[in-house]
Amino acid sequence: MSGEAENNAKTAILPVQNPPAAEQAATASVLEDMQKASPEAGQPEPAAELFSWELDPPELAKLISEVITLPMVLWSTGISLTYSLWLSSLLPARETIGSIKQSADYA
C-alpha cells in the first residue's frame, strides 16, 4: 500500500505544450458549433426570477392548507404527548395494587 502512495505522489500530470494541429482544429470547430447553437450568442441569459407575486388559485389553496394544518398537527401531537406523560406519572390506584397482589397470591 505504501508503494502505491509513493508511486502516486511521484506521478504528475503535465499540460501539453504544443497540441497537434488536428486537435486545435477540432476544438475550434466544436466552439463554433456551440456558438451557433446557442440562442443570441454573446448575450448572457436573463436571470431567472427568484420570486413571483403571481399565484395560481390551486397553489394558493395548497399553501393556505399547509399553513393551517401544521399548527394543528403540532398542537395535537403536543397534547397527546403531554397526556401520555401525565398518565405515566400517576400512581396506580390502591384497589389496583390490591388486585395485583391478590392475583399474584393465587398464582
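The values are calculated or read from the model by the stated rules, or taken from the named source; none is laboratory data. If you're wondering where the values come from, they're calculated on a predicted model, not measured in any experiment. Reconstructed Cβ throughout: ideal geometry from the backbone, glycine too, with neighbour counts over all protein chains shown.
Descriptive notes on the structure:
Conditions (1) loosely packed, with under 10 Cβ neighbours inside 10 Å; (2) modelled with pLDDT of 80 or more; (3) within 25 Å of the chain's Cα centre (by Cα), marked per residue:
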{"position": "Lys62", "(1), (2), (3)": "no, yes, yes"}
{"position": "Val67", "(1), (2), (3)": "yes, yes, yes"}
{"position": "Met72", "(1), (2), (3)": "yes, yes, yes"}
{"position": "Ser89", "(1), (2), (3)": "yes, yes, no"}
{"position": "Pro92", "(1), (2), (3)": "yes, no, no"}
{"position": "Glu95", "(1), (2), (3)": "yes, no, no"}
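- Any hit, segment 45-58, residues being surrounded by fewer than 10 Cβ atoms within 10 Å (Cβ to Cβ), at pLDDT 85 or above and outside any helix (DSSP H, G or I): yes
- Filter pass, Ala21 being modelled with pLDDT of 70 or more and surrounded by fewer than 10 Cβ atoms within 10 Å (Cβ to Cβ): yes
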